[in-house]
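Read the structure below first, then the notes.
Every number here is computed from the coordinates shown, using simple stated rules; none is lab data. Note that the structure is a prediction, hence the values are computed from the model and not measured. In this analysis, Cβ positions are derived from the backbone assuming ideal geometry, glycine residues included, and neighbour counts consider all displayed protein chains.
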Amino acid sequence: MENKPQSSITLPSAIIIAGAIIAIAIIYVKKPVTNTIAPVETQQVSNKVNLSPVTAKDHILGNPNAPIKIVEYSDPSCPYCKTFNTTMTQIMDKYGPEGKVAWVYRSIPLDTIHPNARNESQAIECAGILGGNEKFWNYQKTLYEATPSDKGQSLDQKQLPVFAKSVGIDVVAFNECLNSENAKNLVQAQTVSGVNAGVSGTPTSFFVLDKSINPTAITYLNNALIQYKIPQDLLYVADDKKTIVMSGAMPVAMVTGIIESLLK
């Protein structure tokens, strides 16, 4: 992974930097465990996170006022994002109906390694533009289930309007939207926000809490670093004590463990 940016990025700079972002090639990391892993709450390095606040303009699945919001920056051509999309679907099936967790999706296409990612991100945005939040999530789900990225293959771009029709979106309007400035600007704005938040690979998720992290969750995170053999820079608490940063397609059991510890 590249080092996280230390300052906010302007739009032109973000276009250049975002193109150089490297995908996180993990489902979960297996490295030799040493005794040098510092407890999360006593890290000496700065973990300041400049995450754009969740607003009504975001794509939110679940309760907008949930005590835990998982803001995911994702690339629809990324195989690990496909894996994590399945994980988040399971998480929302479990915690969404009770209003405990909300899923916020933001695009950050990795253009240099996934040439179709921006087009696919714009397609997902067009579903939201033309059909609202429900169509956005239906289209997103359809695309991630269909993409063969986990097999090392690219999605046939001719399928994008087919997906639109399958979720009830007018195909003519969709094709007009796909290359519109509106769709392009929405994806680019999310890319800029991801770069400013320090995203250096996909998927990267931020657990945004409505109150400071509790001791139970701190203990769980410390144990998870060891149990799942995760490098400390892929799972940590931000300086505000209300944000947990998680990079990579971590297993559903670990994500569930984080949520359960936060709810206590």
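Annotation: amide H of His59 within the under-5 Å range of Tyr105, sequence separation 5 or more or interchain, hydrogens built in the peptide plane. Taken along the Cα-to-beta-carbon direction at a fixed 7 Å, the label points for Leu263 and Gln90 span 1.6 nm. Extension gain Val54-Ala173, at 0.36 nm per residue separation less the Cα-Cα distance, in nm? Result for the pair: 40.0 nm of gain on full extension. Straight-line cross-link partners of Lys48 among the lysines, defined as a Cα under 22 Å from its Cα and at least 8 positions apart when in the same chain: Lys4, Lys69, Lys211, Lys241, Lys242. Across the stretch 237-243, computed HN-Hα scalar couplings (Karplus, 6.51 cos²θ - 1.76 cosθ + 1.60, θ = phi - 60°) run 8, 6, 4, 6, 6, 10, 9 Hz from first to last residue, x flagging Gly and Pro.
For the stretch 205-264 versus the stretch 71-92, the inter-centroid distance based on Cα atoms is 17 Å.
Taking 7 Å steps out from each Cα toward its Cβ at Ser212 and Asn185 produces label points 4.1 nm apart. Among Pro231, Thr243, Val54, which residue has its Cα furthest toward the positive end of the charge dipole of the stretch 21-263, with +1 on Lys/Arg Cβ and -1 on Asp/Glu Cβ? Checked the options; the winner is Pro231.
A simple rule links phi to the HN-Hα coupling: the Karplus curve 6.51 cos²θ - 1.76 cosθ + 1.60 with θ = phi - 60°, which for the stretch 125-130 gives 5, 4, 4, x, 4, 8 Hz, with x for Gly and Pro. The amide H of Ala102, built 1.01 Å from its N in the peptide plane, has Ile68, Lys69, Ile70 as neighbours under 5 Å, considering only residues 5 or more places off or on other chains. The charge dipole of the stretch 36-146, taken about its Cα centre with unit charges on the Cβ atoms of Lys, Arg (+1), Asp and Glu (-1) only, comes to about 140 debye.
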